[in-house]
Each structure stands twice: as C-alpha cells, then as structure tokens.
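Heads up, the thing below is written out as structure tokens.
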Amino acid sequence: MEAAMDMSSTPAVNSTVLPLGEAGREEEWRALADTASEPNPFYHPALLEPALRCLNSNAQVRIIEVRDHTGLLIGLMPLETKAHHGRYPVANVTNWMHGQCFYGVPLIRKGHGLRAWDGILRQLDEEKGAGLFLHLDGLDVDGPVAAALEQCCALEGRGIKRIATHERAMLRSDLDPDAYWRTQVRAKKRKELRRLVNRLEDLGTVTHRSLSGADDVGQWVEDFLVLERAGWKGAEGTALASNAETRAYFYEATTRAAASGMLEMLRIELKGAPIAMLVNFRMGSGAFSYKIAFDERYARFSPGVLIEIDALRAALTDSNLEWSDSCAAPNHPMIDGLWGERRTITQYRVQLKGRGFTATKRRAAFALIDRAEAGLRRLRSNRA
C-alpha cells in the first residue's frame, strides 16, 4: 500500500472521459497495462478494443483516463452509466464488465494508486449525470488497487462500502506439479484419473499440445469454436459461435492477444482430433483462465478435468508464472478440487460528490441503499 499523503498537495491530475473511437493511443495504453500494479488482460487494448467494437451495443460505455502533471498516463478504466442499481432506480456509474470479462480492476500504474483514484473520482464528481455513486465489480480485495481505493476514500472522507464478496479458485504454489497434485488431490481420485487416461489411450493415440509459434492461431480458434458449439452450450445457444458478436470478439481478441504474447491455448487430441481445449490469457507474472470446451462424446473420460491437469502442470513448471486465476464461479465443482488457493473478489460502492444533490442528501441516499440491501440479504438468509 502507498504511504499516506496529503491529497491537497498531490500534483494536479487531468482526467478525461474519452468518447469511443478516440481511445486509440494504443502505445500509451499498452505501456500502462505493462506497468500496472495489477494485471488485467480484459482491460488491455488487445481485449478491450475488440470488446468496445463487438460487445458494446448500448453506446453508454466510454473510457476514463487519468494523467499526472507531466502528462503520463497513470490510470484507465472503461465505464458505463446506468439508471438503476439492481432493483433501485438510482443513477450511478460502474466499471464495464461485459459477458466475456472476468476481472474488473482498472489499469493503474504501479506507485500511482492514490493519484489515479483521486483523478477518477474527482472527474466523476464533476460529471453531470454520473449519479450518486461509482459501483465497482470484480476487484481483488487483497490487491494494491483496492487498497489504494480504500485509502483514497479515507483521506477524502468519501463513503465507501464493500457490498459483495466471494472466493474463487486460484493457483499459487512453489511446489512442483507432482508434489502439488499429491497434496491437493486425494489418492483415490488420482488413481481414478490414471485409469481414465489409460482407458482413453486404449481408443487411439492421445496427444497433449500447447499453441506454439509454428501453429495457425486462426485454425486453433476455429477448432475451439466448433468444439464448444457441438456441446451443451451450442444446444442452449450460449456458445461463442452461437452469436455473431461474441464470435467476432473471440476471433479478434485471441488473434490480438497472440500477437501481444498474451494467448495460451492447450488441447488434447485423440487420433489427431481435438477432444478438449482450453484458452488462457497471460499478463505479467499471472494468467487468467478464459474458456474451456470438450467433446461430450468422451465425457466418461473427463476430458475437461484432464486438460485442467495439463494446465496445472504447465503453470507450475513455468518459471515466469507466479499465479493463475481460475476466473471461475464460487464453489465451482471441478476447479475447486484441483486448485487449493483462493482469490477474494469483491464489489465496492463509492460515494460521489457531484452536482444535483447536497452532500447531506447524497450521504443519506448512500446510507439508505446500504440499509435496503442489508435488509434484503437478511430476508434471503432467513428464507434459505
């Protein structure tokens, strides 16, 4: 965490809301992403620019940037204006997390957390129509960006509240793959998986592959789309290839991620045909799981589990990788049994101080929503 500082003496910051199509200073953006205190591939230009083109259907999303007094870009976050917060008709702004985005921390240059948050919040204070508060989703409660946000709000006397928290599986260990496997998975389960591997190999040659520079990225992407759509997601219409927008996003995002050295893809083949595939995004010393698909005709061999084992081994033998985020839902029945560590993800509600309401009314409205949500949580708990 940064040392406490007098915000009134902080060098001036310039915060600018950029309309779509004017956020093309990609070299600066990439430099910020590469030096961010917390990596987030979903806000890297390789993934966010395709999302803005393919997935932003409501035209309410824009990018806010913050620069220090020298003009250095120190913060960047996509924002969306909303007229409601859940069931409540209260105007607010929120970090944009589209359906293909699984982490919401803004890009903030290392060592500039307080200045960046001060610039973001002051800009939103001055923005007409920003509403009563900033809602932030998908932040690591133990990360430096969340710590800087809480410290900034404390220094400015600004209301802030954590409103939802959950844990999801994470892989972070100094153990080698075999030792980790023995520690995390009970002997009976390990024996069963070995049996499945042997039975699968009885059907033909099984090959385990990872995407390399010699491979055709476009073909791997197409193979994944075909594999995913052939399963239950295709039947339900939720596969990436079931929708023109998500298909276009996936193609562009993976292609650009590959060009930026961020794309990791694994596959298991049976007699030369893929029966399981996995897509990760890499940034800095971390990796983020994105998508997995498998051929349901071979479900009895647990191909999804087998490719996650491949991913575990690859991660724990990569000296450049310190951790992997599963990006999975809490209490995931499969990955929680393979990865022993957890990452705590939270939401924040941050009070804004803009026009339209007096400070007293804003504080009262902020507290009223807190009480209403707390009452709703108690009601749900009593019904459970």
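The values are calculated or read from the model by the stated rules, or taken from the named source; none is laboratory data. Nothing here was measured: the structure is a model prediction, and the numbers come from that model. Every residue, glycine as well, gets a Cβ built from its backbone with ideal geometry; the counts of neighbours run over all protein chains shown. The accessibility values were calculated without ligands, DNA or RNA, using every heavy atom of the protein model including side chains. Shrake-Rupley method; radii C 1.70, N 1.55, O 1.52, S 1.80 Å.
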Single unsatisfied condition, Trp232 versus (1) under 21 Å from the mean Cα position of the chain (by Cα); (2) of a type in the set (Phe, Trp, Tyr); (3) open to solvent by 10 Å² or more (accessible area, probe 1.4 Å): (1)
- prompt: In region 145-175, what residues are open to solvent by less than 80 Å² (accessible area, probe 1.4 Å), of a type in the set (Asp, Glu) and touching a residue at least 12 places away in the same chain (Cβ under 8 Å)?
  reply: Glu156
message: Considering only residues that are part of a helix (DSSP H, G or I) and either of a type in the set (A, V, I, L, M, F, W, C) or more than 23 Å from Ala51 (Cβ to Cβ) (or both), which ones fall in region 205-234?
response: Val217, Gln219, Trp220, Val221, Phe224, Leu225, Val226, Leu227, Trp232
Positions within region 327-347 being buried (at least 18 other Cβ atoms within 10 Å of the Cβ) and not in a loop (DSSP other than H, G, I, E, B), in sequence order: Ile335, Arg343, Ile345, Thr346, Gln347
task: Could you check, for region 195-211, whether at least one of its residues is surrounded by 13 or more Cβ atoms within 10 Å (Cβ to Cβ), modelled with pLDDT of 95 or more and farther than 17 Å from Gly272 by Cα?
output: yes
statement: Counted residues in region 251-275 being without any contact (Cβ under 8 Å) to a residue 60 or more places away in the chain and touching a helix residue (DSSP H, G or I) at 6+ places or on another chain (Cβ under 7 Å) come to 9
- line: Scanning region 235-288 for residues that are over 20 Å from the mean Cα position of the chain (by Cα), crowded, with 18+ Cβ neighbours inside 10 Å and outside any strand (DSSP E or B) gives Ala241
task: Please enumerate the residues belonging to region 183-200 that are part of a helix (DSSP H, G or I) and closer than 12 Å to Trp339 by Cα.
output: Thr183, Gln184
